[in-house]
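The values are calculated or read from the model by the stated rules, or taken from the named source; none is laboratory data. These numbers were taken from a predicted model, which means no experiment stands behind them. Neighbour counts run over all protein chains shown; Cβ positions are idealised from the backbone, glycine included. For accessibility, only protein heavy atoms count, side chains too; no ligands or nucleic acids. Shrake-Rupley method; radii C 1.70, N 1.55, O 1.52, S 1.80 Å.
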Amino acid sequence: MPASTHRPARSTEPDEEFLRALYALHGSVLLRFAARMLGGDWHRAEDVLQEAALRAWQHSAKLDATTDGLRPWLFHVVRNLVIDGYRERRARPTEDGEPDISHLPVADGVDHALTTQVVVDAMRDLAPFQREVLLYVYYLGHSVNQTARVLGVPPGTVKSRTHYAMRALRDGLSSRGLSTV
């Protein structure tokens with residue numbers, strides 16, 4: 001190679017650190033989200049995650065992989081990639097012959113486990129008093145009055161905390177790509 005065309009290699013150290021941080025902080029959540037959107041197809045979910053990571057890396061000068069502020073953007077990218085893939089498959093003509101059923105999703109509880117993990121993750125973002133009131137009212141099934149007695153607060157406070165905790169939880173789930181109805 002002539003000396004005039006040789007360019008110094010770009011340092012990959014910051015890029016590697018960006019990708020390591022992205023996968024460490026957001027990878028598992030994004031993979032579960034993609035798998036859920038893809039009906040349990042973990043192989044396609046891994047491909048979608050890699051494409052999302054590549055797109056984030058292309059904007060690494062503007063993005064900080066170590067903050068939670070990146071997560072909503074990543075969820076948006078993953079969602080769009082899944083939708084684009086779905087549209088692309090729908091646009092292709094149907095194939096003749098025997099269908100390959102080896103890739104069909106099987107009901108194995110993964111969907112429930114993933115949803116549970118996302119909810120637990122969102123619960124961690126709540127204030128301790130919000131988590132506490134939701135645990136008593138929804139998880140343990142206590143009434144407002146029972147919860148008020150246990151926590152030593154008026155029933156109106158339990159109602160108010162429950163309302164605001166549910167709103168914060170709904171927002172947290174929405175930011176993680178889990179729709180609440």
Exercise for the section: Return the only residue of ASP100, ASP108, ASP64, ASP96 being at pLDDT below 85, of a type in the set (D, E, K, R) and in contact with a Leu (Cβ under 9 Å, 6 or more places away or on another chain). Expected result: ASP64
Fill in the blank from the handout: Result of the Cβ filter at 8 Å on the stretch 18-46, keeping first residues that are of a type in the set (Val, Ile, Thr) and partners that are at pLDDT below 90, at least 6 apart or interchain, is VAL29/ARG71; VAL29/VAL118; VAL29/ASP121; VAL29/ARG176
Problem - Any pair with Cβ under 8 angstrom, 6 or more apart, that starts in the stretch 150-171 at a residue that is touching a residue at least 40 places away in the same chain (Cβ under 8 Å) and ends at one that is open to solvent by 40 Å² or more (accessible area, probe 1.4 Å) - result: ALA168/ASP125; LEU169/VAL119
Handout entry: the stretch 118-137 residues that are among the small types (Gly, Ala, Ser) and at pLDDT below 90, paired with ones that are assigned to a helix (DSSP H, G or I) and open to solvent by less than 60 Å² (accessible area, probe 1.4 Å) (beta carbon under 8 Å, 6 or more apart)
Key = ALA122/LEU169; ALA122/GLY172; ALA122/LEU173
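Every residue in the stretch 20-48 that is open to solvent by 30 Å² or more (accessible area, probe 1.4 Å) and among the small types (Gly, Ala, Ser), please. Give the derivation first.
Step one: of the stretch 20-48, the residues open to solvent by 30 Å² or more (accessible area, probe 1.4 Å) are 20, 23-25, 28, 31-32, 36-37, 39-44, 46-47.
Listed by number, the residues that qualify are ALA24, SER28, GLY39, GLY40.
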Handout entry: Residues satisfying the stated conditions in the stretch 151-169, i.e. surrounded by 14 or more Cβ atoms within 10 Å (Cβ to Cβ) and part of a helix (DSSP H, G or I)
Key = LEU151, PRO155, THR157, VAL158, LYS159, ARG161, THR162, TYR164, ALA165, MET166, ALA168, LEU169
Fill in the blank from the handout: Across (1) at pLDDT 90 or above; (2) under 28 Å from the mean Cα position of the chain (by Cα), GLY152 clears everything bar (2)
Problem - Residue selected from the stretch 49-83 under the condition free of Cβ contacts under 8 Å to residues at least 24 places away in the same chain, assigned to a helix (DSSP H, G or I) and under 14 Å from the mean Cα position of the chain (by Cα), by the criterion surrounded by the most Cβ atoms within 10 Å (Cβ to Cβ) - result: TRP73
Practice task
For ASN145, state whether it is surrounded by 12 or more Cβ atoms within 10 Å (Cβ to Cβ), out of contact with any strand residue (DSSP E or B) (no Cβ under 7 Å at 6 or more places or on another chain), modelled with pLDDT of 90 or more and not hydroxyl-bearing (Ser, Thr, Tyr).
Solution key: no
